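The values are calculated or read from the model by the stated rules, or taken from the named source; none is laboratory data. These numbers were taken from a predicted model, which means no experiment stands behind them. We place every Cβ from the backbone using ideal geometry, glycine too, and count neighbours over all the protein chains shown. Side chains included, ligands, DNA and RNA excluded: accessible areas come from the protein's heavy atoms. Shrake-Rupley method; radii C 1.70, N 1.55, O 1.52, S 1.80 Å.
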Amino acid sequence: MKSEQMFRHWRLDRDAEGVAWATIDYADGSANTLGSEVLREFSSLLDVLDGLPPAGLVIRSGKSAGFIAGADLDEYMKIDTVEGIKEIVARNWDLYNRLERVPYPTLALIRGHCMGGGLEMSLACRYRIAVDEPATRLALPEVMLGIVPGWGGMLRLPRVIGPAAAMDMMLTGKQIDARRARRMGLVDEAVPPRVMDNAARMLVLSKRPAHRPGLVQRLLNGPLKSVVANGARKQVARRARPEQYPAPYAIIDTWQHFDGNSLAVPPGHTASLEYIFAQGTARNLVRVFFLQQRLKSFGKTEDVGAFDPRHVHVVGAGVMGGDIAAWCVQRGMTVTLQDQNIERIAPAIRRAAEGFGKKYRGDRKQVRFALDRLIADPRGDGIAHADVIIEAIFENLDAKHALFRDIESRARPDAVLATNTSSLRLEDIAIALNQPERLVGIHFFNPVAKMPLVEVVRGQGSDAQQVARALSFVHKLDKLPLPVASAPGFLVNAVLGPYLLEAMRCVDEGIAPATIDAAMEAFGMPMGPIELADTVGLDIAMATGRALTGATDVPRTLESLVAAGKLGRKSGEGFYTWRDGKATKPDAGSVPDGLARRLVEPLLSATQRCVDHNVVADADLADAGVIFGTGFAPYTGGPMNYLSQRTQ
């Protein structure tokens with residue numbers, strides 16, 4: 001291999017067979033991103049190859065952290081005019097068109113993440129090879145940032161894999177692994193790492209025709225576009241309102257009417273870049289992305305020495321404890337699960353086995369390996385060996401005191417001792433310990449497998465090293481750790497309590513539960529407050545509400561339902577009747593003016609109080625916690641951001 005040209009972010013080499021290897025290695029970060037300087041250098045690299053065309057060009061990454069993560073969002077956030085955005089889109093649209101038209105064959109060698117502009121660059125190549133390993137993922141996630149894949153993704157992806165599959169990728173942002181990408185035709189080959197360079201060289205020199213989908217897919221990408229477009233609009237309408245999330249609708253319209261070219265959309269059109277950026281959703285969703293990255297950073301940079309938890313002991317095999325145990329097992333840890341007897345543990349093992357079966361798609365070997373790491377432990381023998389011990393029993397202070405006295409006497413001195421309490425103060429639990437500073441809170445949300453946020457609670461006397469280890473543990477679980485102070489309800493439940501209480505007061509006033517839920521779903525919540533209360537359990541909602549809000553006047557309807565044993569989803573009836581895990585709702589009717597604002601005000605006020613009382617470090621973390629812990633309408637950028645924009 002002969003080095004031909006060095007740039008700041010690229011290296012160009014030629015091998016003995018005349019193949020040029022363009023290696024991207026972004027100089028200012030651990031992952032490759034496509035900022036203006038990087039792409040200007042790529043254009044210069046193509047200039048070099050114009051002077052002496054190679055037998056073929058392979059584009060690859062010099063990073064261990066993947067292929068290309070997409071556009072440089074930091075650069076994007078500094079642009080404050082739509083003209084600036086359009087200038088970048090035009091420049092990169094032209095650049096990728098130039099790549100597609102070069103007179104020599106081109107290939108993208110994809111190892112690790114290949115996102116957004118990185119996949120769009122790959123689509124402009126004649127061939128694509130994905131390295132078959134778990135880290136390889138391909139996606140066009142722009143819709144999740146409120147924007148569109150405007151550098152050629154809307155044009156080329158439907159041409160390569162067909163419009164139905166392309167719409168599914170572009171409208172959901174879902175990530176595709178190497179083997180599935182091969183089956184879809186998104187890549188030509190999926191190969192193991194040991195042969196990736198040879199496979200790339202052979203394919204780029206093969207003179208094989210570029211992949212094309214079948215005739216039906218080509219028709220659906222031509223004269224029958226409306227068939228796919230109409231179906232896609234119906235699907236999008238079920239989960240996103242165009243005034244809140246214009247990007248998915250813009251993707252459909254741009255593909256159907258403007259051949260995937262955002263620059264061809266007239267400024268007055270709702271698919272235009274002018275319209276998308278005027279709505280504000282894009283900037284708010286990019287803000288949410290950076291909030292998520294901030295949460296991911298907790299536990300990464302903390303000074304935890306050689307802490308590498310392998311053995312977790314969970315006490316309490318109920319739904320929450322069992323699901324925490326199963327999640328830890330899925331992340332490669334060994335878990336001992338304790339309860340009063342084996343009969344109480346067995347249902348959790350059964351649920352875990354069902355979950356493992358779904359995760360591993362019926363691969364019995366993988367399911368067995370997972371189950372081998374989930375050990376029923378009614379005597380609590382695992383306490384003595386565990387790196388992390390999590391208490392997940394019922395919310396009774398005396399019971400927790402007795403349990404933690406036993407745990408402390410048997411646990412290793414360096415083990416993390418944690419409670420999953422949702423409503424009790426950490427300090428009140430810790431007084432049972434000889435070393436109360438050892439106790440931290442690790443508060444998961446139900447359902448554990450779906451909720452990304454975990455609150456890591458520091459008490460007034462909590463040891464900083466223990467808190468750091470708890471953050472690191474949550475990070476290793478692929479969850480989003482949020483540091484919070486010990487206060488009633490911490491952040492998420494402290495915010496939800498007043499919101500649910502106001503919703504139930506509305507029911508007492510005669511407003512139908514379905515109408516209340518419809519108001520908040522229209523606001524942008526994934527689930528209305530009444531359905532949420534039914535899902536959590538009305539007995540839990542009532543007890544937690546009393547503890548967190550201090551309310552003595554429990555809403556009448558709630559009180560009567562609990563007294564009648566109608567506890568919501570788990571009993572089959574609450575505010576709604578539940579069948580097969582779904583609420584049966586009557587027609588919502590018309591929503592009264594101002595209802596959504598009335599319902600959201602207590603949530604906003606509670607979030608502001610949590611910031612004022614230092615439950616979280618700042619307003620940004622409050623927004624992150626409420627979005628990822630409650631599903632608060634992401635298009636707003638979070639409750640504190642929504643408040644600030646509302647007062648502008």
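Filtered by the rule that a residue be open to solvent by 30 Å² or more (accessible area, probe 1.4 Å), touching a Phe, Trp or Tyr at 6+ places or on another chain (Cβ under 9 Å), part of a loop (DSSP other than H, G, I, E, B) and without any contact (Cβ under 8 Å) to a residue 12 or more places away in the chain, the range 219-243 gives a lone residue, R239.
Condition check ((1) touching a Phe, Trp or Tyr at 6+ places or on another chain (Cβ under 7 Å); (2) open to solvent by less than 10 Å² (accessible area, probe 1.4 Å); (3) β-branched (V, I, T)) across all residues:
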| position | (1), (2), (3) |
| --- | --- |
| G497 | no, no, no |
| I511 | no, no, yes |
| A514 | no, yes, no |
| V536 | no, no, yes |
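Filtering the range 303-326 to residues that are surrounded by fewer than 22 Cβ atoms within 10 Å (Cβ to Cβ), part of a loop (DSSP other than H, G, I, E, B) and touching a strand residue (DSSP E or B) at 6+ places or on another chain (Cβ under 6 Å) leaves only P309. Scanning the range 19-54 for residues that are touching a helix residue (DSSP H, G or I) at 6+ places or on another chain (Cβ under 8 Å) and either closer than 19 Å to Y104 by Cβ or assigned to a strand (DSSP E or B) (or both) gives V19, A20, A22, I24, L34, F42, S43, L46.
Considering the range 583-627, the residues that are open to solvent by 60 Å² or more (accessible area, probe 1.4 Å) and outside any loop (DSSP other than H, G, I, E, B) include one that is farthest from R646 (Cα to Cα), namely T584.
Evaluation of S43 against the conditions (1) modelled with pLDDT of 95 or more; (2) open to solvent by 10 Å² or more (accessible area, probe 1.4 Å); (3) within 30 Å of A278 (Cα to Cα) shows that the sole unmet condition is (3).
Exactly one condition in (1) modelled with pLDDT of 95 or more; (2) assigned to a loop (DSSP other than H, G, I, E, B) is false for I251; which is it? I251 satisfies every listed condition except (2).
Can you find a residue that is open to solvent by 10 Å² or more (accessible area, probe 1.4 Å), out of contact with any Leu (no Cβ under 9 Å at 6 or more places or on another chain), acidic (D, E) and touching a residue at least 12 places away in the same chain (Cβ under 8 Å) anywhere in the range 327-344? Yes: one or more hits. Criterion first (under 25 Å from the mean Cα position of the chain (by Cα), in contact (Cβ under 8 Å) with a residue 60 or more places away in the chain and open to solvent by less than 10 Å² (accessible area, probe 1.4 Å)) does G66 satisfy it? Considered against the rule, which asks whether it is under 25 Å from the mean Cα position of the chain (by Cα), in contact (Cβ under 8 Å) with a residue 60 or more places away in the chain and open to solvent by less than 10 Å² (accessible area, probe 1.4 Å), G66 comes out as yes.
Within the range 206-219, the only residue that satisfies the criterion of being farther than 18 Å from L123 by Cβ and either hydroxyl-bearing (S, T, Y) or in contact with a helix residue (DSSP H, G or I) (Cβ under 7 Å, 6 or more places away or on another chain) (or both) is S206.
Among the residues of the range 475-494, those identified as open to solvent by less than 10 Å² (accessible area, probe 1.4 Å), in contact with an Asp or Glu (Cβ under 7 Å, 6 or more places away or on another chain) and not β-branched (V, I, T) are L482, F490, L491. Name the pairs: first residue in the range 73-101 and over 24 Å from C125 (Cβ atoms), second residue open to solvent by 60 Å² or more (accessible area, probe 1.4 Å) and not in a helix (DSSP H, G or I), Cβ to Cβ under 9 Å, at least 6 apart or on different chains? Hits for this filter: V82/P267; G84/K78. For beta carbons closer than 8 Å, sequence separation of 6+ or different chains, a first residue in the range 257-277 that is part of a helix (DSSP H, G or I) and a second that is open to solvent by 40 Å² or more (accessible area, probe 1.4 Å) and of a type in the set (F, W, Y), the qualifying pairs are A264/F258.
In the range 454-465, the residue that is nearest to G631 (Cα to Cα) out of those that are polar (S, T, N, Q) and surrounded by fewer than 20 Cβ atoms within 10 Å (Cβ to Cβ) is Q460. The set of residues in the range 387-428 that are among the aromatic types (F, W, Y) and either in contact with a helix residue (DSSP H, G or I) (Cβ under 6 Å, 6 or more places away or on another chain) or at pLDDT below 95 (or both) contains only F394.
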